[in-house]
Amino acid sequence: MPGSVTPLRPKRRCPECGRPSDRATFPFCSPRCKSVDLHRWLTGSYVIPGAPDEAGSEDDPQA
């Protein structure tokens, strides 16, 4: 079957805008969407909730 080619990875939607992703900027559709996502990471918009900090922990040198 010379006419059928298996894609390297399935097509996915851009996580920022929903358009089809581009191979050069995967998983995003464009450099702009890639930059928007990076900006969100660097400014702390994406935060993984954790346990609240305890006052006077062993690792805190000021306690």
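Couple of notes before you dig in:
- Judged by the mean number of other Cβ atoms found within 10 Å, the most tightly packed of the peptides 26-37, 42-53 leads the ranking 26-37, 42-53.
- Counted residue by residue at 0.36 nm each, then reduced by the alpha carbon distance between them, the extension gain from residue 19 to residue 53 reaches 8.3 nm.
- Difference of contour (0.36 nm per residue) and Cα-Cα distance, residue 5 to residue 43: 9.6 nm
Computed from the coordinates by the stated procedures, all read-outs in this text should not be read as laboratory data. Just so it is clear, the structure is predicted and the values come from calculations on it, not from any experiment. FYI the Cβ positions are ideal-geometry reconstructions off the backbone, even for glycines, and counts take in every protein chain you see.
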